[in-house]
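What follows is a set of notes on a single structure, which appears directly below.
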Amino acid sequence: MKFTLKLEKFFILAIFVPLIYVGLNWYQSYQFKNNPISVDIQKRIDKAEVKVLNLIQEKFNTNLPISLVVSDEFHSNLYGLTSYKDNKITIYLNKKRFKESENYMIDEVIPHEYAHAMVFVLGKKTTEDGHTKLWQKICIELEGKQCIRYVDNEEIVRRKMSL
Ligand SMILES: [Zn+2]
């Protein structure tokens, strides 16, 4: 009798604990997806944006408007992309990626994308791959920590198109 009760308890736990776990995970994903980005993350983005814009001002003596948009409209796993359309430059950051890779987004992707934007600003856009030597040089100047010249398996690409 006691033993079966224990077993019952065990089965109840075995079923409900994973269910709660799955439920919580689902809820957190749902929350993340359906709410604006958290105040903390937004603050970090704003700070990184100010920092990179100051570096651009300092090193390139320009302060052209470059918009930064956190978007959940990405249909891919890209971290970010820089769009150049009708003479307007917009950097899109993939909101989904902030969930798993917040530091990477702040420390790497922001300088990475601003370097693409600066290549556009400097009028050096080419048809070849976006991660040119010039791009890398600018990325390093903007204090990107890696500034890897992705070629094949590129994690971050720049596209002259909308999302
Ligand atoms: Zn890139």
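The values are calculated or read from the model by the stated rules, or taken from the named source; none is laboratory data. These numbers come from a predicted model, not from an experiment. A quick note on method: Cβ atoms are made from the backbone with ideal geometry, for glycine too, and the neighbour counts reach across all protein chains shown. The area values use the complete protein model at the heavy-atom level, side chains included, leaving out ligands, DNA and RNA. Shrake-Rupley method; radii C 1.70, N 1.55, O 1.52, S 1.80 Å.
Can you pick out the pairs among Lys33/Lys59; Lys33/Lys85; Lys9/Lys96; Lys33/Lys137 whose Cα atoms lie more than 29 Å from each other? Pairs exceeding the cut-off: Lys33/Lys59; Lys9/Lys96; Lys33/Lys137.
Dividing the convex hull volume of the alpha carbon atoms of the chain by its residue count, what do you get in Å³ per residue?
It comes to 144 Å³ per residue, whole-number rounded.
Between Leu64 and Gln28, the simple label model (points 7 Å from Cα in the Cβ direction) yields a spacing of 4.1 nm. Summary of packing: across the peptides 143-149, 58-64, the per-residue average of other C-beta atoms within 10 Å ranks them, highest first, as 143-149, 58-64.
Structural descriptor for the chain: relative contact order 22 percent, calculated from alpha carbon pairs under 8 angstrom and at least 6 residues apart. Remark: the chain carries 66 Å² of accessible area per residue (probe radius 1.4 Å; ligands, DNA and RNA excluded).
How much FRET efficiency would the formula 1/(1 + (r/R0)^6) give for Asn87 and Ile148, where r is the Cβ-Cβ distance and R0 is 25 Å, rounded to 0.05?
Efficiency at R0 = 25 Å is approximately 0.30.
Distance between the pseudo-spin-label points of Asn35 and Glu100 (7 Å out from Cα toward the beta carbon): 2.1 nm. Between 0 and 90 degrees, the angle of helix 110-121 with respect to the longest Cα principal axis of the chain falls at about 30 degrees.
Surface composition of the chain: carbon plus sulfur atoms hold 56% of the accessible area, using a 1.4 angstrom probe and ignoring ligands, DNA and RNA. The calculated FRET efficiency for Leu19 paired with Asp72, based on their beta-carbon distance and R0 = 41 Å, is about 0.90.
Go ahead and estimate [θ] at 222 nm for the chain from helices alone: -39,500 (n - 2.57) per DSSP H run with n ≥ 4, summed, over the residue count, rounded to 500.
-17000 deg cm²/dmol
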